[in-house]
Amino acid sequence: MRHFLCLLTLLAVLLSSCQDTNTLDKAPIKIACVGNSITYGSGMANREMNAYPKQLQHLLGDAYQVENFGVSGNTLLQKGDHPYWESDAYQKALAFAPDIVFIKLGTNDSKQQNRVYLDTDFEKDYAQLIQSFKTQNEDTRVVLLLPVPSFLEDSTSIWNPIIQDKIIPLTQKVAYETGSEVVDLNQIFAGDESMFPDKIHPSSLGATKMAQRVYEQLVQKTISTYNILENQGVQIESKENFHGFQQTNFKYKDLNCKVVQPKRTVKGKPWVLRARFWGHEPQTDIALLERGFHIAYCDVSNLFGNKEAVSRWNDFYDFMTGAGLSEKVVLEGMSRGGLIIYNWAAANPEKVVCVYADAPVLDGTSWPGGKGNGKGSPSDWERFKQVYGLSSESNLANFDGNPIHKTTTLAQAGFPMLHVCGEADKVVPVEENTVVFEQEIQAAGGNIKTIYKPDVGHHPHSLENPTPIVDFILRTSSRKVNFASIPSPGSEYRSAAGWKEGKGWWYQMQDIDSLSRFSGDLDLLLIGNSITQGWGGNRTLTTYKPGLPAAEKHLKNLNWVCAGISGDRTQHTAWRIKNGHYDEGSPKFVTLAIGVNNFPYNSAEEIAEGIRLNVELLREKLPNSNILLFGPLPTGLDKNSERRKKYEKVHKLISSFGDEKSVHYFNLIESFIDEEGKLDSNYYSADGIHLQPAGYEVWGAFIAEQIERLEANN
C-alpha cells in the first residue's frame, strides 16, 4: 500500500509539473510601455481605452499583456525637473519584468530648464535606463521610440527644433551604441498638427497611429542575426552610425560601396539599391530599415546611367544577392539617379520589385542638356556626352540611351513605379521628364503613379512624412500590414461625427450593444459607418439622423437596431461583431455597408479582405441570420474619378462573397447615378459619400424589398 501511495504521489507531482509547463507555455508576452504624458494618454478622450498602450493591447490580443507605465511631465534625464527614475511607475515597470520594453522619453527633456544637461547626461542616462531592464533579463527586447513632434511656439517649453536637432540624434546614437531597436514616431506625424489638439499631445486618433506603428514592429517576421558582409572577402573601410543603424563602408572591385543593416532582418531579406546623394532626405530609408530592409549603395557617379554604370550595378547586384539578399530589389533614385535606376531596370526587369523615383532625370537632353525649359548644367552636359560617346550634338536624334526611350520595355516589365515630383521644378522640368514618361508608360499598359507636390521645385526631395512612399514599397513587396483586416476598436471622439458632446466611439459601441441585447428578437440589424448611423432609430447618443423618415416609412413593421458608427472602417466593425453581443438580438437580417472610410488608407485588395473578415465573423456569430452585403455604398461623384475606380475594384473583388444562401451581395451603383454616370445630387451630398434623405428613401426601399423577397422564398 505504501508503494502504491508513493506512486500516486509521484503521478500527482508529474501531472502538476505538466500543468505548470502548459501554464508557462501559455503565459502572455509582457510588454512595458515606458514614457511620459504621451504614453500615459494625457488630454485624450477616454484615456483608459484610447491611450496607445491600450490600443496596442487590442491589436495584439490575449497572447500579449501590455501595461502602461507612462508618467506625465517626466524626463529621461536624471537631473531633469521631473525624472522618470524617481517615479513609482518606473519601479513598477521593473517589477513587471517585461519581455519587451518600448521607451518613449525625451519630449520633456527639450524644455529650456532641462536642455543644459543634454550634451553631458542624455546618452549616459538613456544607456543606464536600458541596462536597468536588461539586468533583470538580458534577453529583454528594448525599442526606443523617437518623440512625436511638438507644435508649440513657445521656445522655452517643449520645443520642436530641440526635439529634431538634439533629442532625436542623441536617441539614435544611443540606439546605435546599445544595439537597441529604434522606431521613428516623429516622421509619421511630420507636418500634421491636426492630431495634436493642444499642440503637444496626440489625440486618440494620433494614439491609433502610434499603436499601429508599434504593432508593425512587433509582428514583422524576422530571421536570426544576419551579417551580410561576414566572410565575403571585401575590404571594410569603416563603420558608422546611420540614424541608429550600422552603416558599413567597403570596397568592392575598387568601387565605393555602402550597406546599412537593420536591427532585425525580415524573412526574405529585402533590400533597396539607392542611387546617388547618399543620406539625403533619408526618411524613407530609415522607415524601411526599421522594417527589416537593407539599404545599399554602389558608386556610379558621373556615369549618368551609361553601360559602364549598368555593368557596375550588375556586378554589385550579383555580390549582394550572392551574400544572401533577395533576388529582387527595390530601386530608389533622386534627380540624376533616375538615369541609372531605370536604365538598370530596363536591362534587368526580372530583378526589380518596384521603383521609387524622386524628381528623376529621365531625359539627358532636358538635364543636364538644357535643351528644353530648364537651365541645364553645361559642365555635366559635357561629361554626359563624353560617357555616352556623343562626339557631336548632331547625333542626338539617334541617341536612345535615356529612360524616356525605354518606356515600352519598362511598362511591359510590369513592376510598379512611384514618382514624387515638385510641380514647379525648374531644374529637372517635370513636363519634360515625369509627365512624358508617365504618359508613355500608361499608354503601354505600365503601372505608374505620381505624387505631384504643388508649388514645390526640385528641392526638397521626398515627403516630410514618407508614409505614402513606404507603404508603396511595402505593398509591392507584399510586406504591408493590412489593418483593414485586423479587428480593432475605433478611437474617434469628435462630436462632429454626429454624436452628443463627449460621447465618443466607446459610448456609441456600448449604446448599440445595449440596444442589440435588450430590444427583443430583432428583424434587422444595420451595421456600418456614418451612412448607416444616419438611419437613427432609437439611438440616444447621436444627433444627426437624415435617414429616420425613410426608416419610419420602409422599416416601420420591423424591430430594428441601427449599428452604424461614424468613421468606422472594416477593422472597427469586425471588432464590434467579434466582441459585441449582436448575437443576443438574434437578428433575422443583417445589412453590412462598410469600407468607404478605408479608401484613403488601404488598397482595394486590402479593403476587400477586411470585408471578407466581416462576413466570416457574421457567419460565425450569427449563423441563422441572412446577411445583405453592400460593401462600400456608391462613392465618387464622377464616374472617372479615382474614388469611383476604387469603388468598382472593391466590388469586383467582393462580388464572389455572396452565396445566395445566407450571404446576399448587392452593388447599388445603378440606383444612385444619373444618365452620365455621376452620383445623383438628389441622393448624394457634395462629398460623394453621404446620402441625402432622398438617398435613404432609395436604400430603405431596396432593403425592405429584399427582406420581403427572402422571407417569401423561405
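Among Val435, Val430, which is the only one that is surrounded by fewer than 20 Cβ atoms within 10 Å (Cβ to Cβ) and of a type in the set (A, V, I, L, M)?
Values: Val430 fails: surrounded by fewer than 20 Cβ atoms within 10 Å (Cβ to Cβ).
Of the residues listed, the single one that is surrounded by fewer than 20 Cβ atoms within 10 Å (Cβ to Cβ) and of a type in the set (A, V, I, L, M) is Val435.
If a residue has to be among the acidic types (Asp, Glu) and out of contact with any helix residue (DSSP H, G or I) (no Cβ under 6 Å at 6 or more places or on another chain) to count, how many in the range 599-615 make the cut? Can you show your working first?
Restricting attention to the range 599-615, the residues satisfying the condition of being among the acidic types (Asp, Glu) are 605-606, 609.
Cutting the leftovers down to out of contact with any helix residue (DSSP H, G or I) (no Cβ under 6 Å at 6 or more places or on another chain) gives us 605.
Residues meeting the conditions: 1.
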**Fill in**
Scanning the range 569-595 for residues that are in contact (Cβ under 8 Å) with a residue 60 or more places away in the chain and hydroxyl-bearing (Ser, Thr, Tyr), the one most open to solvent (accessible area, probe 1.4 Å) turns out to be Ser586
**Asked** Name the pairs whose Cβ atoms lie under 6 Å apart, with the first residue in the range 695-708 and under 11 Å from Ala550 (Cβ atoms) and modelled with pLDDT of 95 or more, the second in a helix (DSSP H, G or I) and open to solvent by less than 10 Å² (accessible area, probe 1.4 Å), and 6 or more positions between them or separate chains?
**Response** Tyr696/Ala550; Glu697/Ala550; Gly700/Ala550
**Item:** Pairs with Cβ under 7 Å, 6+ apart, first in the range 127-155 and at positive phi, second in a loop (DSSP other than H, G, I, E, B)
**Value:** none
**Prompt:** Restricted to the range 622-657, and to residues that are surrounded by 16 or more Cβ atoms within 10 Å (Cβ to Cβ) and of a type in the set (S, T, N, Q), which residue is farthest from Gly580 (Cα to Cα)?
**Reply:** Thr635
**Flag for Gln246 being in contact with a strand residue (DSSP E or B) (Cβ under 8 Å, 6 or more places away or on another chain) and either open to solvent by 50 Å² or more (accessible area, probe 1.4 Å) or closer than 19 Å to Asn74 by Cα (or both)** = yes
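Please go through the range 271-285 and give me each residue that is under 23 Å from Val143 (Cβ atoms) and either of a type in the set (Asp, Glu) or open to solvent by 10 Å² or more (accessible area, probe 1.4 Å) (or both), ordered by number. Give the steps one after another, and end with the answer.
Initial filter on the range 271-285 (under 23 Å from Val143 (Cβ atoms)): 271-272, 282-285.
Listed by number, the residues that qualify are Pro282, Gln283, Asp285.
Suppose we filter the range 306-339 for residues that are in a loop (DSSP other than H, G, I, E, B) and more than 33 Å from the chain's Cα centre (by Cα); how many remain? Working first, answer last.
Start the filter on the range 306-339 by keeping residues that are in a loop (DSSP other than H, G, I, E, B), which leaves 306, 323-328, 335-336.
Now restrict to residues that are more than 33 Å from the chain's Cα centre (by Cα): 306.
Qualifying residue count for the region: 1.
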**Request:** Output the qualifying pairs, or none if there are none: Cβ atoms under 6 angstrom, residues six or more apart or on different chains, first residue in the range 94-123 and small (Gly, Ala, Ser), second residue in a helix (DSSP H, G or I) and surrounded by fewer than 17 Cβ atoms within 10 Å (Cβ to Cβ).
**Result:** Ala97/Gln136
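Matching residues to (1) farther than 28 Å from His58 by Cα; (2) surrounded by fewer than 17 Cβ atoms within 10 Å (Cβ to Cβ); (3) touching a strand residue (DSSP E or B) at 6+ places or on another chain (Cβ under 8 Å):
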{"site": "Leu410", "(1), (2), (3)": "yes, no, yes"}
{"site": "Ala424", "(1), (2), (3)": "yes, yes, no"}
{"site": "Ala444", "(1), (2), (3)": "yes, yes, no"}
{"site": "His458", "(1), (2), (3)": "yes, no, yes"}
{"site": "Asn482", "(1), (2), (3)": "no, no, no"}
{"site": "Ala497", "(1), (2), (3)": "no, no, no"}
{"site": "Gly504", "(1), (2), (3)": "no, no, no"}
{"site": "Arg517", "(1), (2), (3)": "no, yes, no"}
**Prompt:** Does the range 184-200 contain any residue that is in contact with an Asp or Glu (Cβ under 6 Å, 6 or more places away or on another chain), closer than 30 Å to Asn482 by Cα and surrounded by fewer than 21 Cβ atoms within 10 Å (Cβ to Cβ)?
**Reply:** yes
**Asked** Would you call Thr321 open to solvent by 10 Å² or more (accessible area, probe 1.4 Å) and touching a residue at least 24 places away in the same chain (Cβ under 8 Å)?
**Response** no
**Request:** State which residue is least open to solvent (accessible area, probe 1.4 Å) when the search covers only the range 663-696 and only residues that are in contact with a helix residue (DSSP H, G or I) (Cβ under 9 Å, 6 or more places away or on another chain), part of a helix (DSSP H, G or I) and farther than 17 Å from Gly564 by Cβ.
**Result:** Phe672
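Return yes when Lys371 is farther than 20 Å from Asn343 by Cβ, outside any helix (DSSP H, G or I) and either free of Cβ contacts under 8 Å to residues at least 24 places away in the same chain or not aliphatic (A, V, I, L, M) (or both) and no when it is not.
On the way: farther than 20 Å from Asn343 by Cβ: no; outside any helix (DSSP H, G or I): yes; either free of Cβ contacts under 8 Å to residues at least 24 places away in the same chain or not aliphatic (A, V, I, L, M) (or both): yes.
When the stated conditions are applied, Lys371 does not pass them.
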**Asked** If Leu555 passes every condition in (1) open to solvent by less than 20 Å² (accessible area, probe 1.4 Å); (2) touching a helix residue (DSSP H, G or I) at 6+ places or on another chain (Cβ under 6 Å); (3) in contact (Cβ under 8 Å) with a residue 60 or more places away in the chain but one, which one does it miss?
**Response** (2)
**Message:** Step by step: first the residues of the range 201-243, then only those that are in a helix (DSSP H, G or I) and among the hydroxyl-bearing types (Ser, Thr, Tyr), then the one that is surrounded by the most Cβ atoms within 10 Å (Cβ to Cβ). Which residue is that?
**Reply:** Ser204
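Identify the residue in the range 124-165 that is among the small types (Gly, Ala, Ser) and in a loop (DSSP other than H, G, I, E, B) and, among all such residues, is least open to solvent (accessible area, probe 1.4 Å).
Going residue by residue through the range 124-165, those that are among the small types (Gly, Ala, Ser) are 127, 132, 150, 155, 157.
If we keep only those that are in a loop (DSSP other than H, G, I, E, B) too, we end up with 150, 155, 157.
Numbers: Ser150: 8, Ser155: 55, Ser157: 31 Å².
Once the filter is applied, the top-ranked residue is Ser150.
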**Prompt:** Does any residue in the range 248-261 that is free of Cβ contacts under 8 Å to residues at least 40 places away in the same chain and under 8 Å from Val234 (Cβ atoms) come within less than 8 Å, Cβ to Cβ, of a residue that is open to solvent by 10 Å² or more (accessible area, probe 1.4 Å) and outside any strand (DSSP E or B) six or more places away or on a different chain, and which pairs are these?
**Reply:** Phe250/Leu229; Phe250/Val234; Lys251/Val234
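The values are calculated or read from the model by the stated rules, or taken from the named source; none is laboratory data. Treat the numbers as computed from the prediction; the structure is a model and nothing was measured. Cβ sites come from the backbone with ideal geometry, for glycine too, and all protein chains shown count toward neighbours. The protein model used for the area step is the full one, side chains on, heavy atoms only, and it has no ligands, DNA or RNA in it. Shrake-Rupley method; radii C 1.70, N 1.55, O 1.52, S 1.80 Å.
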